[in-house]
Every structure is written in C-alpha cells, then in structure tokens.
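Remarks on the structure that follows.
The values are calculated or read from the model by the stated rules, or taken from the named source; none is laboratory data. Because the structure is a prediction, the values reported are computed rather than measured. Note that we place each Cβ from the backbone using ideal geometry, even for glycine, and neighbour counts take in every protein chain shown. What goes into the accessible areas is simple: the full protein's heavy atoms, side chains included, and nothing from ligands, DNA or RNA. Shrake-Rupley method; radii C 1.70, N 1.55, O 1.52, S 1.80 Å.
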Amino acid sequence: MDTLNLIDTFSEFKEFKNIDREAMMHILSDVFKAMLAKKYGSDEYFDIIVNIDKGDLEIYHNRTVVEDGAVEDELAQIAYSDAIKIEPDFEVGDDVAEIVDIHSFGRREILAIRQNLQTKIMEYEKENIYQKYKDKVGEIVNAEVSQAWRKEIIAVDEDGIELVLPKIEQIPADVYKKGETIHAIVKSVENKNGTPVITLSRTSEIFLQRLFEQEVPEVYDGLITIRKIVREPGQRAKIAVESYDDRIDPVGACVGMKGSRIHGIVRELRNENIDVINYTTKPELFISRALSPAKITSISINESKKLAEVYMENDQVSLAIGKGGYNIKLAGKLTGYDIDVYRNSDEVDMEDDVDLKEFNDEIEDWIIDSLRRMGCDTAKNVLAYTPEEVASRADLEIETVNEVFKILKAEFADD
C-alpha cells in the first residue's frame, strides 16, 4: 500500500462527512502523529504534510547529521555515512528531512490508523453539530421531513443534520409528509451518550414570539415589546404587547392592515386564534382586555389571593369562557389571576335554582370551583349544558361530570 493509495482510502470520509478541508487535514495529521508516537516513542522529529485536494500525505523524519559513531539519539540524529546515502552533499551539522516509507507501517497499524481516523471524524462531527446548535436554542430553523412517525418527526437541515420534532411539541393539527418543510424553534440541544440530540418545538410560546418578530418589524426593532405570551397550541393564544412610543399602536402594528401581518402567523399555527392585547399595569383593565371579546360589568380583585371575581351580563358569559374554556384559562395565565365569572345577580332567579355552594356536602370543592370558573354558579347553569360540554369547558373527567349531573338532577326531581 503506497502513500497515494493510503490517502485515497482515508479521503472517502471527506466525501461523506460535513468536515471542512482544514479540519480534515488536522485530523489526519493528529491520527498519524499518534501512530508515530506509538511506533517510535515520540512524534517530535516528524513532519506530516497533507494535501486533501491532491490526495497526498507525506511523512518526513527530521534529524541532524553527526559524525559516524557519535549518534546518541537515533530519532534526533543520523550518522554522516547514512546521511550521504540520502544526499551526497550532506555535511556534519546539516539538517536532514528524510521521507518515511509508508510501507514501514504494518497492515495492523494501517487498520488502526483507519479506525482511529473514523473515530476522530465522528467525534469532530458530533462536537461540530453541538456547537452549531447550542447557540441556536430559541431560534427558528427550517428543515425537511425525512421520516414522519407516530411519536416523532425526523427532519434534516441543509447540512444533513438530523433534528427531532416530538409529538408533544407538535401542534395537534400538524400533519407532515416526507419532503415537506418544517418551521420550528430549536427547543433544546443535549448530548445523549455522546451524541447531540436537537429537539424542535412548534408549541412553545417562544415560537410564536419569533413569528411575530419575523412578521412585525416594530417587534424585531424593539419599538414594540412583547410582555407575555400564553398558548393552547392550535386552539388559542393571547399576547400582551406594549410600546413606549405614543405614536405607535402596538396592537394595530401587530395585526397589520386588514390583518395582513397576523394572518401569516395564524396560518403557520394551523388557524390558532391569536388575541393581541394592550398591556397595562392596572389589573382591572388588563383582566378586562384579556377576557375579550366578552364585555364585563364589574370586577372585584383580591390581591392577596390573586383572585378576580368578574361580573357580566348573561349573554357575555359564554364569550368569556370561550370554546373549550380556553379564553378564560388563557386570560388567567396572561394576567396572573384566578378568574371566576359570575352572572349579574339580578338576572338569576334563585327561587327556581340552587347555588352550587349548597352542594358542597355531595360535590367536592375543587369540582365546584371548576364549574364556577366556566361561568356556572348555579345548578341550572350547569344543567343547561350537555355532560360532554361541561367536561370540555371545565376540564373534568366525563365520569365526574356524570356524577355531578346525577346529584343536580336529583335536587330538582324532589320538587
């Protein structure tokens, strides 16, 4: 095996690995230095010259010419009589650079070099991938789907690096086929058993923030500040925005003329409803805005318990709760208050109804609280819905709701 064939054998790694020319030269040099150190005890007196483009690798042994019989270190010195065999003009004191015949390496040593090279390249690639993506956490990346499985999607970036989008990080309506492009943020980069694992997310609040930065120049430039984002991926999102420039309407700028800016974001999020809200430090006003599109009559706030009791007309309750209870749930997360919705008292005829609190000996308090949060403070309020609707809106198990219905219906059956 001569020098050219040897380097050709190793150069195959360059063709299939994402390694630049300079890095490959360093890896080859390090691998051969390690072999020289093992073979001769030191690599101090050797030079390795690698030319990836030409497929050349040459090793030179550097020594100083000394008088015959005066050689004290065979690695560092060469006898005069041996030196003139290489070049007859050498004299004592000259430096000799003798090319090392690659055939001096045995077959076992060549195989060890090859294996070591493969290991080094793999280590370099893994470190390179980790370094590339650790600084991209929280940024949007585009990748092509290579495998779409039930529990996760495997995608590859432009360099062929594998990225993982787990099911839990996908919007429920996400459906991808092989070859399609995914837009997502890099959620995390971890080394698992020495292998970098890059996890993507489309459900993160940061993903929505990055989309606004892409679509709204004022957000990207810092003229509009996103104070907080809360989401139920694929269903609804609320985003509180603020501008320190009175000339800029933060909500209008984010929505755009006739919704031009926000429509692209909504489509990307599979028609997720997005409420853009003006941030304020006044809790009553902030809660009122967060419950939009419902209109409230009054609010009573308990700061110590972070509790807000909201009163509104009967026809506004369902708007405040929202489909699936998402509106009130997200309003609470956005404002930081537990929000209880009540109908205005003059609209409730308690002679024909019973307050849910009267059932606390049969129904657990946490269940009653869940029902009240969905806007039901009396028995008939609850029974006006189907069990399935209550289970969805109050986030309760259907078995629990069925038991509640049994208890409430029994109350009126006795009349």
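At D365 and A97, where each label point lies 7 Å from the Cα along Cα→Cβ, what is the point-to-point distance in nanometres?
Roughly 8.7 nm, to one decimal.
From the residues S243, Y40, I274, which one has its Cα farthest along the dipole of the chain in the positive direction, the dipole being from +1 and -1 charges on Cβ of Lys/Arg and Asp/Glu about the Cα centre?
Going by the Cα projections, it comes out as I274.
In the neighborhood of E144, defined by Cβ-to-Cβ distances under 13 Å, what is the net charge if each Lys or Arg adds +1 and each Asp or Glu adds -1?
Working: positive: K177, K178; negative: D157, E158, D159, E162, E180.
My count for the surroundings of E144 gives -3.
How far, in nm, would the chain grow between L111 and E309 when pulled straight, counting 0.36 nm per residue and subtracting the alpha carbon separation?
Values: separation 198, 0.36 × 198 = 71.28 nm, distance 7.62 nm.
Length difference between fully extended and current span is 63.7 nm.
Could you state how much accessible area Y40 has, in square angstrom rounded to the nearest 10, with a 1.4 Å probe and all protein chains kept in place?
80
With angles folded into 0 to 90 degrees, how steeply does helix 107-134 sit against the dominant principal axis of the chain? Use alpha carbons for both and round to 10.
Between helix and principal axis, roughly 30 degrees.
Contour minus end-to-end for Q118 and I49, with contour as 0.36 nm per residue of separation and end-to-end as the Cα-Cα distance? Kindly include the intermediate steps, with their values, before the conclusion.
Details: separation 69, 0.36 × 69 = 24.84 nm, distance 1.94 nm.
In short, 22.9 nm is gained.
Can you send over the solvent-accessible area of I262, 1.4 Å probe, protein chains only, in Å² to the nearest 10?
Its heavy atoms expose roughly 20 Å² to the probe.
Accessible area of H263, 1.4 Å probe, to the nearest 10 Å²?
Per-residue accessible area (H263): approximately 90 Å².
Give the distance, in whole Å, between the Cα centre of segment 362-401 and the Cα centre of segment 243-265.
The two parts, judged by their Cα centres, are 38 Å apart.
Using θ = phi - 60° and the Karplus form 6.51 cos²θ - 1.76 cosθ + 1.60, what ³J(HN,Hα) does each residue of segment 144-154 get, whole Hz, x for Gly and Pro?
These are the phi-based 3J(HN,Hα) values: 9, 5, 10, 9, 10, 9, 5, 9, 6, 10, 9 Hz.
Thinking of segment 88-208 as a set of Cα atoms, what percent of all their pairs are more than 23 Å apart? Don't skip to the end; give the middle numbers.
Working: 3583 of 7260 pairs.
Counting every Cα pair in segment 88-208, those more than 23 Å apart make up 49 percent.
How would I239, I226 rank on accessible area, largest to smallest, probe 1.4 Å? Write down the numbers at each step before the final one.
On the way: I239 0, I226 30 Å².
These residues rank, largest area first, as I226, I239.
Sorting T119, T203 by accessible area (1.4 Å probe), largest first, what list results? Write out the running numbers ahead of the final one.
Numbers: T119 65, T203 25 Å².
Largest accessible area first, the list is T119, T203.
Listed highest first by mean packing, meaning other Cβ atoms within 10 Å per residue, what order do 135-146, 315-326 come in?
On the way: 135-146: 14.9, 315-326: 18.5.
Packing proxy ranking, top to bottom: 315-326, 135-146.
Considering only the chain, what is the antiparallel percent among its DSSP beta bridges, to the nearest 5?
Of the beta bridges lying entirely in the chain, close to 75 percent run antiparallel.
When the helix-only estimate is applied to the chain (DSSP H runs of n ≥ 4, each -39,500 (n - 2.57), divided by the residue count), what is the mean residue ellipticity at 222 nm, nearest 500 deg cm²/dmol? Please list the in-between numbers first.
Working: 15 runs with 160 residues, N = 415.
After summing the helix terms and dividing by residue count, I get -11500 deg cm²/dmol.
Taking only protein heavy atoms into account and a 1.4 Å probe, give the accessible area per residue of segment 203-258 in Å². Could the numbers behind the result be given before it?
Details: 2880 Å² over 56 residues.
Here the per-residue accessible area is 52 Å².
Ranking request for peptides 152-165, 297-310: highest mean number of other beta-carbon atoms within 10 Å first, then the rest in descending order. Let's see the in-between values first.
On the way: 152-165: 16.9, 297-310: 14.3.
Order by mean packing, descending: 152-165, 297-310.
Assuming R0 = 41 Å, can you tell me the calculated FRET efficiency for the pair E389 and H263, based on Cβ-Cβ distance, to the nearest 0.05? Write down the numbers at each step before the final one.
Values: r = 30 Å, r/R0 = 0.73.
With a Förster radius of 41 Å, E is 0.85.
Straight-line reach from K126: which lysines have Cα under 22 Å away, leaving out those fewer than 8 places along the same chain?
Straight-line reach from K126, under 22 Å: K14, K17, K134, K136, K187, K192.
Along the charge dipole of the chain, Cβ charges K/R +1 and D/E -1, which of Y133, N360, N62 sits furthest on the positive end?
Value: N360.
Can you give me the % of accessible surface on the chain that is carbon or sulfur? Probe 1.4 Å, all protein chains present, nothing else counted.
Working: 10330 of 23070 Å².
C and S atoms contribute 45 percent here.
Multiply the residue separation of N62 and S298 by 0.36 nm, subtract the distance between their alpha-carbon atoms, and state the gained length in nm to one decimal. Display every interim value, and only then the final one.
Values: separation 236, 0.36 × 236 = 84.96 nm, distance 9.07 nm.
Result: 75.9 nm gained on full extension.
Just to be sure I understand, if you calculate semi-axes √(5λ) of the Cα gyration tensor in Å for this structure, which of [x] 75, 23, 18; [y] 41, 30, 22; [z] 78, 24, 18 do you get?
Identified label for the calculated read-out: [x].
Output the relative contact order of the chain, whole-number percent, from Cα pairs under 8 angstrom with separation of 6+ residues.
On the way: 635 pairs, mean separation 31.6, N = 415.
Rounded, it is 8 percent for the chain.
Heavy atoms only, probe 1.4 angstrom, no DNA, RNA or ligands counted: give me E364, E272 ranked by accessible area, highest first. Intermediate values should be presented prior to the final figure.
Working: E364 110, E272 0 Å².
The ranking, largest first, comes out as E364, E272.
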